[in-house]
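The values are calculated or read from the model by the stated rules, or taken from the named source; none is laboratory data. None of the values given here were measured: they were computed from a predicted structure. Virtual Cβ from ideal backbone geometry, glycine too; neighbours counted across all protein chains shown.
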Amino acid sequence: MKRAYAWWRLAAALLALLVLGACGGNESPTGSAEAPADSGAASGGTKDKVLFIGTVSEPGTVNPINPIGGNVAYVINGIFNDALFDMDDSYSFSPKLAESMETTDNQTFVFKLNPKAAWNDGTPFTTEDVAFTLQTALHAKVDTYHNFNFLEGVNQAGKLEEGQTEISGLKIIDARTFSIRTKQPINRIVIQDRFAARLHFIPKHVLKDVAPEQMNVHPYFQNPNVTTGAFRFVAFKKGAYLEFARNEHYYRGIPKVDKVFVKIVPAANLVGQLETGELHMNSNGGVIPIADFDRLKSLNGLAVDVGEPSNANQLIFNVKAVPLKVRQAIPYALNRKMIVDKLFQGQAEIVDGVVPSNHPNYNSSQPTFEYNPEKAKQLLAESGWDMNRPLSFYVPTNDKGRELAAEIVAQNLQAVGLKVNLQKFDFATMLQKIKKVDYEMAIFSRSTTVDPSFYFSNWYNTGGGNNWFNYSNPEMDQLIAEGEREVDPIKQKAIYNKVQELLLRDLPTLGVYSAKDFMPVSKKVKVGKPKSFGMYNNIYEWDLSN
């Protein structure tokens, strides 16, 4: 009874802290970040139609082929860059820079480009740009977010070998038609999701004379002012906002909105700025604090959608620093039900694995971890872990709900005898540490994709681009490769079920919770709203009332 009372008292204290934090933040609606000079436009202060979107996560870069800073960086790229195809929140694909993709053998995929596609300086977008982008992104000396290791002619890391410049799996047929060939037959959705809907392009006519080894530091990648999207990049004021102006040459139609600002706002200030009209909506990187849920829904000037949980907040481990037995003990120590029911007021779900329950490839039969502190203590005793040695726990500061969930995690671990050294960092600093695998345990939010192979390959494959855990298991590598190749969706799902089960055995990561997306939008926005996926697909059609 005493233990139960202590947990209720902890929950009450955390919720009180959250409310105080939210109230305190709203006293200064603009936060500490410098606001755009014409921010009055959101409430009708200028003649131009200016749209203001709030996010709490700041992208590390605006590099079209290497967007650093998690999902927010990639999503924001969609404002000023187009891909060959779009993916929407129903997990379906539609043509964009491409008008079609065809295959007869699931190994050679032929793309035909939209004949109207153009760069924002009016230059036609052609297959020469496709080839240039791929040859640049996959060059051994160029940093990129992408891993096309399924493509014929590249290595397992998705790169060309040192000294190699041509991709054998790429064929330019004419100015509008090209094909890619994979190492072996592959599921069509892998190409749609990992290649066609994700690759953003760079202009050959601007960068053709830049040596590959200079690409990472070339000014274009800090100021990508020639792109294919509905808006053109204008400025990135670190810690404050990103500015975009409409692309007068946009091939799908001139946008109705003149400018878009994505403001980087403390989470506690989001609802305050939505209420005052300083923001029209939040991005899917704009997390609404728990304490503001009811207030948000009561505001007459906003329409609020509540999405399904899509981003899993997970504990991630440096597996060389945290032994398996310790990792296996941790889930039994966590009172995740309290996090979901008390901290998030039921607006979240417990996540054991890495795939949310609404995803078509979710394994509903995978093992689950019940709250069992005694079992946690038993596993810790078997682990040989020095209980006097603090376990470092890194927490990013851009999401108040996640910070408070991390406090509960730390308290849970301390209750079973683990000493915890909780350290908080701004998101960019923490990401830098994690990418260097300079940590023991951290909490991190990650979104999944319609094709799990992208997620699994990038995060859990040996040498994967985002494998920041020192995790390597040949069985996992084999399953991921089999999943990519399997074209029968039923057989593929069976493979991905095994992947999820293996991850719960090895525990390089551990799901904690997945919160529902609260997506408010001002009623002044006639067309356009936040979405979990594909938010900016039709941004050229977005419009504001005067």
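A count restricted to region 171-198 and to residues that are modelled with pLDDT of 95 or more, under 17 Å from residue 125 (Cα atoms) and not hydroxyl-bearing (Ser, Thr, Tyr) stands at 8. Checked against (1) part of a strand (DSSP E or B); (2) under 23 Å from residue 137 (Cβ atoms); (3) out of contact with any helix residue (DSSP H, G or I) (no Cβ under 6 Å at 6 or more places or on another chain), residue 243 passes all but a single condition, namely (2).
Of all residues in region 342-380, those satisfying the criterion of being within 23 Å of residue 532 (Cβ to Cβ) and either of a type in the set (Ser, Thr, Tyr) or assigned to a helix (DSSP H, G or I) (or both) are 343, 357, 362, 364. Within region 479-488, not a single residue is in a loop (DSSP other than H, G, I, E, B), in the same structural domain as residue 353 (by TED's automatic domain parsing) and modelled with pLDDT of 90 or more. Residues in region 381-409 that are of a type in the set (A, V, I, L, M, F, W, C) and outside any strand (DSSP E or B) were compared, and the one that is farthest from residue 316 (Cα to Cα) is 381. Right, residue 522: in the same structural domain as residue 283 (by TED's automatic domain parsing), touching a His at 6+ places or on another chain (Cβ under 6 Å) and not charged (D, E, K, R) or not? So residue 522 fits the description; yes. Restricting region 426-453 to residues that are hydrophobic (A, V, I, L, M, F, W, C) and part of a strand (DSSP E or B), which is modelled with the lowest pLDDT? Looking at the filtered set, the residue picked out is 444. Where residues in region 162-195 are assigned to a strand (DSSP E or B) and not β-branched (Val, Ile, Thr), which of them is surrounded by the fewest Cβ atoms within 10 Å (Cβ to Cβ)? The qualifying residue surrounded by the fewest Cβ atoms within 10 Å (Cβ to Cβ) is 174.
Yes or no: region 90-113 includes at least one residue that is assigned to a loop (DSSP other than H, G, I, E, B), acidic (Asp, Glu) and within 23 Å of residue 181 (Cα to Cα). Among the residues of region 90-113, at least one is assigned to a loop (DSSP other than H, G, I, E, B), acidic (Asp, Glu) and within 23 Å of residue 181 (Cα to Cα), which makes the answer yes. For residue 100, are the conditions met, namely being over 13 Å from the mean Cα position of the chain (by Cα) and either assigned by TED's automatic domain parsing to the domain that holds residue 245 or at pLDDT below 95 (or both)? Against the criterion (over 13 Å from the mean Cα position of the chain (by Cα) and either assigned by TED's automatic domain parsing to the domain that holds residue 245 or at pLDDT below 95 (or both)), residue 100 does not qualify.
Residue by residue, here is whether (1) without any contact (Cβ under 8 Å) to a residue 24 or more places away in the chain; (2) aliphatic (A, V, I, L, M) holds:
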site: 387; (1), (2): no, yes
site: 410; (1), (2): yes, yes
site: 418; (1), (2): no, yes
site: 425; (1), (2): no, no
site: 438; (1), (2): yes, no
site: 441; (1), (2): no, yes
site: 451; (1), (2): no, no
site: 456; (1), (2): no, no
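Would you confirm, using the coordinates I've provided, whether residue 231 is in contact (Cβ under 8 Å) with a residue 12 or more places away in the chain and touching a strand residue (DSSP E or B) at 6+ places or on another chain (Cβ under 7 Å)? Before the answer, list the steps.
Numbers: in contact (Cβ under 8 Å) with a residue 12 or more places away in the chain: yes; touching a strand residue (DSSP E or B) at 6+ places or on another chain (Cβ under 7 Å): yes.
So residue 231 fits the description; yes.
Looking across region 365-417, the residues that are among the aliphatic types (A, V, I, L, M) and touching a strand residue (DSSP E or B) at 6+ places or on another chain (Cβ under 6 Å) come down to 391, 395, 406, 410, 413. Considering 457, 472, the condition of being modelled with pLDDT under 90 and not aromatic (Phe, Trp, Tyr) is satisfied by 457 alone.
Against the condition surrounded by 14 or more Cβ atoms within 10 Å (Cβ to Cβ), in contact (Cβ under 8 Å) with a residue 12 or more places away in the chain, charged (D, E, K, R) and over 18 Å from residue 137 (Cβ atoms), how does residue 198 come out, does it pass? Spelling it out, it is not the case that residue 198 is surrounded by 14 or more Cβ atoms within 10 Å (Cβ to Cβ), in contact (Cβ under 8 Å) with a residue 12 or more places away in the chain, charged (D, E, K, R) and over 18 Å from residue 137 (Cβ atoms). Residues in region 136-160 that are polar (S, T, N, Q), under 20 Å from residue 477 (Cα atoms) and crowded, with 17+ Cβ neighbours inside 10 Å: 147, 149. Among the candidates 421, 412, the residue that is modelled with pLDDT of 95 or more, over 24 Å from residue 466 (Cα atoms) and assigned to a strand (DSSP E or B) is uniquely 421. Considering region 520-530, the residues that are assigned to a loop (DSSP other than H, G, I, E, B) and crowded, with 20+ Cβ neighbours inside 10 Å include one that is farthest from the chain's Cα centre (by Cα), namely 528. Is it true that some residue in region 352-359 is closer than 23 Å to residue 430 by Cβ and modelled with pLDDT of 90 or more? No, there is no match, as no residue in region 352-359 is closer than 23 Å to residue 430 by Cβ and modelled with pLDDT of 90 or more.
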